[in-house]
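A short write-up of the structure that comes next.
The values are calculated or read from the model by the stated rules, or taken from the named source; none is laboratory data. Every value quoted in this text rests on a predicted model; they were computed, and no experiment measured them. FYI the Cβ positions are ideal-geometry reconstructions off the backbone, even for glycines, and counts take in every protein chain you see.
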Amino acid sequence: MSYSPLEDITILDFSHRLPGPLSTLQLTRLGAKVIKVEDKSFGDPFDGGSFDAMDSSFSDWYRTLNENKEIRKLDLKSDKEEIAKLVKSADIVLMGLPSKVQKKFALEIDDFRALRDHGVFMEMTSSREQAFGMHDLNALAKTNLLALHLNENSRQQEWIAPPFLPVAGVTFASHLATEMLAALIHAQKKKTWVARVAALEEAVQFLLAPLYSKALSESAQKEFLHNGRYPCYAIYPLKDKGYLAVASVEQKYWDRFCQAFNLDIEAPLRFSSEAGVFSEVARSIRALEFQQAQALSEGLDACVTLID
């Protein structure tokens, strides 16, 4: 039997692109019914819009982020009665449209209060402090977390590719989901409307900044376990294709890894930053073809994973 604690909850999603749809996707997996409203003329930029035109991968994101949702393409100006019906049935309204659009098409919190006696109005913004836009990369830069993506050779490069995954956007989505559920509990308990504003910058500062505090960023240490400081937590190329991701941090995992891959490296050295230890592991793994590594790692409980 599936776990569906939100099976009686309906969410009206006026968001687009990544954070909003990802947040409501999380809630669909808890049983919530999500109705995603898209303006017929504007749509979602990930779905054949400006973002999809620059990079076709966004159309795949649109598909995966909005699976198991009901997509309603409406005219925000002329389909007011249909929108009103949807609002009356919704426990949560996630609003990703700009305030001027909300005002123009009567989609503000006061408009919804007239249609339903209680609910959640969760509005998305980039920043509470700044009136201009912000993308994932900007939010990460404000936490100084991007410093961990750079190294001493970075300044010699003409440009530096950002991390692939939009970490700030994913963090914002998780923050939104939590905020919506917390507001829903309050709204249902008090039988009132709860209006909240959630900001990308605030979410990243709250959830990610503590992992790289001001004191830590100002310290001499620039390499850590999670960005390749030690040989027990690194990615190694194989002989013909692919890589082996090694995260054998605990001694039991390191011992099993060394035994399986024919390495004679004492457990304390897994936390050595000496290049020689890295090289010894790298040579052993690079000598293996992908299928050999696959055979060695199959059924091995040592926190090692192949990357094809």
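In region 114-140, what residues are in a helix (DSSP H, G or I) and surrounded by 16 or more Cβ atoms within 10 Å (Cβ to Cβ)?
Of all residues in region 114-140, those in a helix (DSSP H, G or I) come to 136-140.
Correct list: Asp136, Asn138, Ala139, Leu140.
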Within region 181-192, count every residue that is closer than 24 Å to Ser4 by Cα and in contact (Cβ under 8 Å) with a residue 12 or more places away in the chain.
7
Taking region 210-233 and the residues there that are out of contact with any His (no Cβ under 8 Å at 6 or more places or on another chain) and crowded, with 17+ Cβ neighbours inside 10 Å, the one that is nearest to Thr305 (Cα to Cα) would be Cys232
Leading residue by the ranking (nearest to Gln221 (Cα to Cα)) among those in region 133-174 that are among the polar types (S, T, N, Q) and in contact with a helix residue (DSSP H, G or I) (Cβ under 6 Å, 6 or more places away or on another chain)
Asn144
Looking only at region 257-308, and only at residues there that are at positive phi and either in contact with a helix residue (DSSP H, G or I) (Cβ under 7 Å, 6 or more places away or on another chain) or touching a residue at least 40 places away in the same chain (Cβ under 8 Å) (or both), the one that is surrounded by the fewest Cβ atoms within 10 Å (Cβ to Cβ)
Asn262
Considering only region 160-174, how many residues are in a helix (DSSP H, G or I), in contact (Cβ under 8 Å) with a residue 60 or more places away in the chain and of a type outside the set (Phe, Trp, Tyr)?
4
When every residue in region 35-67 that is part of a loop (DSSP other than H, G, I, E, B) and over 23 Å from Ala177 (Cα atoms) is compared, the one modelled with the highest pLDDT is Lys40
Could you say whether any residue in region 29-45 is of a type in the set (A, V, I, L, M, F, W, C), in contact with a strand residue (DSSP E or B) (Cβ under 6 Å, 6 or more places away or on another chain) and over 26 Å from Lys100 (Cα atoms)?
yes
Those residues of region 160-206 which are closer than 17 Å to Leu140 by Cα, surrounded by fewer than 20 Cβ atoms within 10 Å (Cβ to Cβ) and among the small types (Gly, Ala, Ser), in sequence order:
Ala161, Ser174
Verdict on Ser284 being of a type in the set (Ser, Thr, Tyr) and not in a loop (DSSP other than H, G, I, E, B)
yes
Would you tally the residues in region 263-308 being at pLDDT below 95 and among the polar types (S, T, N, Q)?
1
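Conditions (1) aromatic (Phe, Trp, Tyr); (2) closer than 23 Å to Ala198 by Cβ; (3) surrounded by fewer than 16 Cβ atoms within 10 Å (Cβ to Cβ), marked per residue:
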site	(1), (2), (3)
Asp39	no, yes, no
Ala53	no, no, yes
Thr64	no, yes, yes
Lys85	no, no, yes
Leu94	no, yes, no
Suppose we keep only residues that are surrounded by fewer than 16 Cβ atoms within 10 Å (Cβ to Cβ) and part of a helix (DSSP H, G or I) within region 147-159. Which one would you say is modelled with the highest pLDDT?
Gln156
Just checking, does region 95-102 include any residue being in a helix (DSSP H, G or I), of a type in the set (D, E, K, R) and touching a Phe, Trp or Tyr at 6+ places or on another chain (Cβ under 9 Å)?
no
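Residues are listed down the side, and each one gets a yes or a no for (1) in contact with a helix residue (DSSP H, G or I) (Cβ under 6 Å, 6 or more places away or on another chain); (2) under 25 Å from Ala131 (Cβ atoms); (3) assigned by TED's automatic domain parsing to the domain that holds Ala183; (4) of a type in the set (Lys, Arg):
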residue: Tyr3; (1), (2), (3), (4): no, no, no, no
residue: Phe46; (1), (2), (3), (4): yes, yes, yes, no
residue: Phe58; (1), (2), (3), (4): yes, no, yes, no
residue: Leu97; (1), (2), (3), (4): no, yes, yes, no
residue: Ile109; (1), (2), (3), (4): no, yes, yes, no
Sole miss for Ser213 among (1) touching a strand residue (DSSP E or B) at 6+ places or on another chain (Cβ under 8 Å); (2) over 26 Å from Leu12 (Cα atoms) is condition (1)
